[in-house]
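What follows is one structure encoded as structure tokens, with my remarks underneath.
The values are calculated or read from the model by the stated rules, or taken from the named source; none is laboratory data. Fair warning: this is a prediction, and the values are worked out from it, not measured in the lab. Here the Cβ positions follow ideal geometry from the backbone for every residue, glycine too, while neighbour counts run over all protein chains shown.
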Amino acid sequence: MRDISKISEPPEDLHICFGGGDFRLSGKKMIDLCREKFGLRPDSKVLDIGCGIGRLSYPLLEYLSEDGAYEGFDTFPVGVKWCTENITPEFPNFRYQHVEIYNSTYNPAAKTKAADFIFPYEDESFDLITLNSVFTHMMPEDIMNYIKEMDRVLKVDGHIMATFFLINAESNELMDLGKSVHDFFKFGIFYTADPKDPMDAVGYDEKFAVNMFAQRGFVIQETIPGNWCGRESNYHQDILLVSR
């Protein structure tokens, strides 16, 4: 296990920008899940889409060996800058990139749409791809392109962990009962919590989300319900564990 004592947590104002909460605990829960369900190894190559302030990279700092590698990218530059300045100098196999991708909430000035973005990595580069609170801010055509790109850069035996707000009979019932932190409204083929800013919180019919992966030959290994709609769960958003 590598020494991460020199790496401090990001400042509180950055925590708030990226959702707040217990920084180390929330990241550790997600990575522990990948270790348990996918057999993540110390020499694994990990891609963290929407890396933010490095919430998922922190537990990997201790776990990944020098033979492993972490790549992260995000459209919000502040977190990428902090991680590049504070983590990469001590752990050069942990790299973070800022990418100019349009998002009406987080990067409205960008010209490149997520539906057209090509990941800056070679084919079959990664054992694991993580997307924590990424598809909850994206339109259907954007997600479909990202799944296509993940299919390209993921190794043949690789895995994906992606979080969603999944709309199904149970979550609909809990929303009707007023137990949800979001009330989602049908908005074309997706759901939004705010029609004035649709990308701020986006939900998808569970069958539709599964089908988007199935179109590229992926299968859902497991679905882990989240507590966003008022159910009991150790995770806030719903999690899809995806394999080939």
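Just a few scattered comments:
- Considering Gly39, Gly20, the condition of being exposed (fewer than 13 other Cβ atoms within 10 Å of the Cβ), out of contact with any Cys (no Cβ under 8 Å at 6 or more places or on another chain) and at pLDDT below 70 is satisfied by Gly20 alone.
- Restricting the first member to the range 196-211 and to residues that are closer than 21 Å to Val181 by Cα and surrounded by 14 or more Cβ atoms within 10 Å (Cβ to Cβ), and the second to residues that are acidic (Asp, Glu) and modelled with pLDDT under 95, the beta-carbon pairs closer than 6 Å and six or more apart or on different chains are Asp200/Asp194.
- Within the range 151-195, considering residues that are β-branched (Val, Ile, Thr) and not in a strand (DSSP E or B), the one surrounded by the most Cβ atoms within 10 Å (Cβ to Cβ): Val153
- Qualifying residue in the range 87-109 (condition: of a type in the set (Lys, Arg), at pLDDT below 95 and either surrounded by fewer than 17 Cβ atoms within 10 Å (Cβ to Cβ) or under 19 Å from the mean Cα position of the chain (by Cα) (or both)): no
- Selection within the range 44-63 - touching a residue at least 60 places away in the same chain (Cβ under 8 Å) and closer than 18 Å to Ile4 by Cα: Arg55, Leu56, Glu62, Tyr63
- When Asp43, Asp32 are checked against the criterion of being assigned to a loop (DSSP other than H, G, I, E, B) and under 30 Å from Asp157 (Cβ atoms), Asp43 stands alone in meeting it.
- Scanning the range 91-139 for residues that are assigned to a strand (DSSP E or B), out of contact with any Lys or Arg (no Cβ under 9 Å at 6 or more places or on another chain) and within 27 Å of Ile7 (Cβ to Cβ) yields a total of 7.
- Of all the numbered requirements in (1) over 26 Å from Asp32 (Cβ atoms); (2) hydroxyl-bearing (Ser, Thr, Tyr); (3) surrounded by fewer than 16 Cβ atoms within 10 Å (Cβ to Cβ), Ser233 misses one, and that requirement is (1).
- Among the conditions (1) within 22 Å of Gly27 (Cα to Cα); (2) assigned to a loop (DSSP other than H, G, I, E, B); (3) in contact with a Lys or Arg (Cβ under 7 Å, 6 or more places away or on another chain), Gly217 misses just one, which is (1).
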